[in-house]
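*Asks:* Got a structure here, written out as structure tokens. Questions coming.
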Amino acid sequence: MKGRIVLSGIILFFSFQAAIHAGTDSGDDDCRRAVLAAAGALSAEDLSEEEVERLEALLSRPLKINAATRSRLVESGLFSQYQAAAVIDYRERHGDILSVAELAAVDGFGEDAAVLLEPFLSFESHALPGRSSSGPSFVRNSFTVKSSVKMQDDTSDDGARPVPQYSYGLKYRFDLNGSLEAGLACRSTYSASVFPPETMSFYAAFYGTGALGKVIIGDFNARFGQGLAMWSGFSLSGIPAQGAFSRRSSGISPYRSYSGEGSHRGVAADFTVGSFMISAFVSLPGSRERFSGDGQREIHVLPGVNAVWTGMNGQVSLTCYASSRSLSAVSSGAGDEDMSRGKFVSECIASADVRYSVRGVELFAETAADIMHGTAAALGGCRFAPCDGLYLAAGLRYYPAGFSSGYSGAIRSGTACSNEYGAAVSGSFSFGRRVALAGRSGFGSEAAGHQGSFSIDLSHSPEPKYGVDQPSSQFKAVLSYTCFVSGMLSMQWKISERLRTYGDRNRTDIRCDIGVSDGVLSSSVRFNALICKGIGLLTYAEGGYRRGAVYAYLKGGLFRVDNWSDRIYAYERDAPGNFSVPAYYGRGFWVSAVAGVKVSRWGKMYFRASYTGYPWLSPSQEKKKPGKAELKVQMAFNL
């Protein structure tokens, strides 16, 4: 293992030399910022694997805005219902949208929104100027296979050598003319058996061109309104930035992630009739687990429907779903007395949400009724710009303890939209002279010299929660500030504070990131201190090389975290479709190397090697923690 440490040091040294002599391309950092902005997050540590995988897939295969139907525009999660309708109307009246500057001129967008969406969109056109085109016919197959191996240092006293652990993942996607699509994804992690796969997701989708938007069979996401009734998959916990306040619902969309977490399995469809879009689905919760070998998991039937009307200044949406008791209980007749009282349905939620814009102020609200338990929840808020360079958002939420929140994903401070009353305010700001960013040109190549965001959130749980037998309260505040000293040098500060009446009473997180980039050469350094039970410290430096079809990045860091409550999460660069945010705890260091190469016009290969060592003991430790080495290989083919 000492040889591994020496090798890691050699790799780190030569990779930083390569970065200095060959330079880097800031494109990856631009893509990361685009992902964060689209998700309404301040840092990658706030996101989930499924959300990052979804947005990175859009980066690698941008949405063809001139060929996409309204259903595809909405399902991407990049457009509101009104923006999607505006794009369709613009294409019919004026022809294809040929640039981000032209998109900014479309009703419902503007420069900031257009620049935010640019990395996820393709403006490919196959028509004469002023006309709309559908593009040529095509058949596309993409296949990705990945595998990794992990080893620990030998620290046992019985002479037994550590056993390597292996994991793998497979993904396939087929696309015919953008109208017929199918996909399969599966994987097994280190702790799971090799076969059958630990998780598996699959889908087949047909996209129509008229009233029929799409039909999906298999795994899908369902995200409606502000998420108070139905929002499957990832939902950002907390309100770190103004962009996280008002949700941009994606309706029904295929599920393409490895993780398989939070999605539905069944059949779904949506239809567009004039200003209305109607979505309906029937899923079978528990069937995924039964399919993966969990014979004890109960299966339920979950039908749902959503109808949204979109007008010039807003939209109104109605959502309703019901969940049956388990099919085994129904078939066996267990609890017939309950069934006679209407207990065949174990859960039924109906909601209404509205979004309305007046004189630049966006108002949004949703209320949901839990019919089985006789309770109701509600949220509401607004977003507006009181002056140039300042955007504000504020909101209130009321989630009683009796509200069933099994499929909710609205804004919140805790883990569920239940037993929480809250109020929040957030904003983003920019001021100062415009700075021309090095290595960029054209629309969106300048940024305000000073920009940032802030948020304050108060929440109260009137019923016992979080392991305490009395009401509890929480206060969260986040401040982020970025200064572009020049077009090459930027510095970002992020300070967050959390105060609670239970558990760890306070948690202060202070982070500073410094980046230097001239469009060719770039590097970044992070300093992080976290105060909770004690003081946790982490720092790292990263540099890389990108030119043409080859890129490589190296990172090295140190951490000193003696209490688990003081653990610090740090995003790790990985191959596309992978997401790694380890929690650093103990006293040690780590080095990692990531590389990618285009081996042909159809294929790419990615590598990631890392080592984490713990050469120093924490005060509470009697024995050193074993170091861990990991190697990942991924191959992706597009045919």
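The values are calculated or read from the model by the stated rules, or taken from the named source; none is laboratory data. None of these values were measured; they are calculated from a predicted model. Methodologically, a virtual Cβ is constructed for each residue, glycine included, from the backbone with ideal geometry; neighbour enumeration extends over all protein chains shown. In case anyone asks, the SASA skips ligands and DNA or RNA and just uses the protein heavy atoms, side chains included. Shrake-Rupley method; radii C 1.70, N 1.55, O 1.52, S 1.80 Å.
*Asks:* Looking at segment 107-122, is at least one residue farther than 19 Å from Gly251 by Cα, aromatic (Phe, Trp, Tyr) and at pLDDT below 90?
*Replies:* Yes, there is a match, as at least one residue in segment 107-122 is farther than 19 Å from Gly251 by Cα, aromatic (Phe, Trp, Tyr) and at pLDDT below 90.
*Asks:* Which numbered condition in (1) basic (Lys, Arg); (2) more than 29 Å from Gly304 (Cα to Cα); (3) touching a residue at least 24 places away in the same chain (Cβ under 8 Å) is the only one that Arg161 fails?
*Replies:* Of everything listed in (1) basic (Lys, Arg); (2) more than 29 Å from Gly304 (Cα to Cα); (3) touching a residue at least 24 places away in the same chain (Cβ under 8 Å), Arg161 misses just condition (3).
*Asks:* Same structure, new question: Determine whether segment 230-250 contains at least one residue that is in contact with a Cys (Cβ under 7 Å, 6 or more places away or on another chain), at negative phi and open to solvent by 30 Å² or more (accessible area, probe 1.4 Å).
*Replies:* no
*Asks:* In contact with a Pro (Cβ under 6 Å, 6 or more places away or on another chain) and within 25 Å of Ala424 (Cβ to Cβ): is that true of Val468 in this structure?
*Replies:* no
*Asks:* Considering segment 506-562 alone, what residues qualify as being open to solvent by 30 Å² or more (accessible area, probe 1.4 Å), outside any strand (DSSP E or B) and not charged (D, E, K, R)?
*Replies:* Answer for segment 506-562, where residues must be open to solvent by 30 Å² or more (accessible area, probe 1.4 Å), outside any strand (DSSP E or B) and not charged (D, E, K, R): Val520, Leu521, Gly548, Ala549.
*Asks:* Restricting attention to segment 479-496, which residues are assigned to a strand (DSSP E or B) and buried (at least 18 other Cβ atoms within 10 Å of the Cβ)?
*Replies:* Ser480, Thr482, Phe484, Ser490, Gln492, Lys494, Ser496
*Asks:* Counting only residues that are among the aliphatic types (A, V, I, L, M) and within 22 Å of Gly406 (Cα to Cα), which one in segment 355-373 is surrounded by the most Cβ atoms within 10 Å (Cβ to Cβ)?
*Replies:* Ala368
*Asks:* Within segment 48-71, take every residue that is assigned to a helix (DSSP H, G or I) and among the small types (Gly, Ala, Ser) and give me the one that is least open to solvent (accessible area, probe 1.4 Å).
*Replies:* Restricting to residues being assigned to a helix (DSSP H, G or I) and among the small types (Gly, Ala, Ser), the top hit is Ser71.
*Asks:* Kindly indicate whether Val516 is farther than 23 Å from Leu55 by Cβ and among the aliphatic types (A, V, I, L, M).
*Replies:* Yes.
*Asks:* Determine, yes or no, whether Gly95 is out of contact with any helix residue (DSSP H, G or I) (no Cβ under 7 Å at 6 or more places or on another chain), open to solvent by less than 40 Å² (accessible area, probe 1.4 Å) and modelled with pLDDT under 80.
*Replies:* no
*Asks:* Can you name every residue in segment 359-411 that is among the aromatic types (Phe, Trp, Tyr) and more than 30 Å from Ala447 (Cβ to Cβ)?
*Replies:* Residues satisfying the conditions are Tyr398, Tyr399, Phe403, Tyr407.
For (1) in contact with a Lys or Arg (Cβ under 6 Å, 6 or more places away or on another chain); (2) free of Cβ contacts under 8 Å to residues at least 60 places away in the same chain; (3) of a type outside the set (S, T, N, Q); (4) closer than 30 Å to Phe403 by Cα, each residue gets a yes or a no:
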{"site": "Glu463", "(1), (2), (3), (4)": "no, no, yes, yes"}
{"site": "Gln470", "(1), (2), (3), (4)": "no, yes, no, yes"}
{"site": "Ser473", "(1), (2), (3), (4)": "no, yes, no, yes"}
{"site": "Ala477", "(1), (2), (3), (4)": "no, yes, yes, yes"}
{"site": "Tyr481", "(1), (2), (3), (4)": "no, yes, yes, no"}
{"site": "Lys494", "(1), (2), (3), (4)": "yes, no, yes, no"}
{"site": "Leu499", "(1), (2), (3), (4)": "no, yes, yes, yes"}
{"site": "Gly503", "(1), (2), (3), (4)": "no, yes, yes, yes"}
{"site": "Asp513", "(1), (2), (3), (4)": "yes, yes, yes, no"}
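Residue by residue, here is whether (1) acidic (Asp, Glu); (2) closer than 25 Å to Ser232 by Cα; (3) at pLDDT below 95 holds:
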| site | (1), (2), (3) |
| --- | --- |
| Ala376 | no, yes, no |
| Ala385 | no, no, yes |
| Leu390 | no, no, yes |
| Ala393 | no, yes, yes |
| Ile411 | no, yes, yes |
| Gly414 | no, yes, yes |
| Gly432 | no, no, yes |
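*Asks:* Continuing with this model, one more query. Note down all Cβ pairs under 7 Å where the first residue falls in segment 188-203 and is farther than 13 Å from Glu289 by Cβ, the second is modelled with pLDDT of 90 or more and in a loop (DSSP other than H, G, I, E, B), and they're at least six residues apart or on different chains.
*Replies:* Tyr203/Tyr255
*Asks:* Please work out which residue is farthest from the chain's Cα centre (by Cα), limiting yourself to segment 160-213 and to residues that are closer than 30 Å to Gly274 by Cβ and open to solvent by 60 Å² or more (accessible area, probe 1.4 Å).
*Replies:* Thr209
*Asks:* Determine, yes or no, whether Gly444 is under 25 Å from Ala101 (Cβ atoms) and either at pLDDT 90 or above or under 27 Å from the mean Cα position of the chain (by Cα) (or both).
*Replies:* Here the answer is yes, as Gly444 does meet what is asked.
*Asks:* Does Pro254 meet the test of being touching a Phe, Trp or Tyr at 6+ places or on another chain (Cβ under 7 Å), touching a residue at least 40 places away in the same chain (Cβ under 8 Å) and not acidic (Asp, Glu)?
*Replies:* The answer is yes for Pro254.
*Asks:* Of everything in segment 164-192, what is among the aliphatic types (A, V, I, L, M) and assigned to a loop (DSSP other than H, G, I, E, B)? Give them in sequence order.
*Replies:* Ala192
*Asks:* Could you list all residues from segment 601-624 that are among the polar types (S, T, N, Q) and open to solvent by 70 Å² or more (accessible area, probe 1.4 Å)?
*Replies:* Of everything in segment 601-624, just one residue is among the polar types (S, T, N, Q) and open to solvent by 70 Å² or more (accessible area, probe 1.4 Å), namely Ser620.
*Asks:* Right, here's the next one. Taking segment 456-473 only, how many residues are closer than 14 Å to Ser413 by Cα, modelled with pLDDT under 90 and open to solvent by less than 80 Å² (accessible area, probe 1.4 Å)?
*Replies:* 1
This table checks each residue for (1) farther than 28 Å from Ser60 by Cα; (2) of a type in the set (S, T, N, Q); (3) open to solvent by 70 Å² or more (accessible area, probe 1.4 Å).
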residue	(1), (2), (3)
Arg567	yes, no, no
Pro576	no, no, no
Phe579	no, no, no
Val599	no, no, yes
Pro626	yes, no, no
Val633	no, no, no
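*Asks:* Test each condition in (1) under 24 Å from the mean Cα position of the chain (by Cα); (2) farther than 20 Å from Glu56 by Cα; (3) among the β-branched types (Val, Ile, Thr) for Thr272 and report the one that comes out false.
*Replies:* (1)
*Asks:* Within segment 586-626, can you find the residues that are under 20 Å from Asp566 (Cα atoms), touching a Gly at 6+ places or on another chain (Cβ under 8 Å) and among the hydroxyl-bearing types (Ser, Thr, Tyr)?
*Replies:* Thr612, Tyr614, Ser618
*Asks:* Sticking with this one: Restricting attention to segment 261-294, which residues are at pLDDT below 85 and either touching a strand residue (DSSP E or B) at 6+ places or on another chain (Cβ under 8 Å) or buried (at least 16 other Cβ atoms within 10 Å of the Cβ) (or both)?
*Replies:* Glu261, Gly262, Ser287, Arg288, Glu289, Phe291, Ser292
*Asks:* Kindly list the number of the only condition in (1) at pLDDT 80 or above; (2) out of contact with any strand residue (DSSP E or B) (no Cβ under 6 Å at 6 or more places or on another chain) that fails for Ala85.
*Replies:* (2)
*Asks:* Name every residue in segment 382-422 that is under 30 Å from Glu261 (Cβ atoms), open to solvent by less than 40 Å² (accessible area, probe 1.4 Å), touching a residue at least 24 places away in the same chain (Cβ under 8 Å) and of a type in the set (A, V, I, L, M), in order of residue number.
*Replies:* Ala393, Ala410, Ile411 - these are the residues of segment 382-422 that are under 30 Å from Glu261 (Cβ atoms), open to solvent by less than 40 Å² (accessible area, probe 1.4 Å), touching a residue at least 24 places away in the same chain (Cβ under 8 Å) and of a type in the set (A, V, I, L, M).
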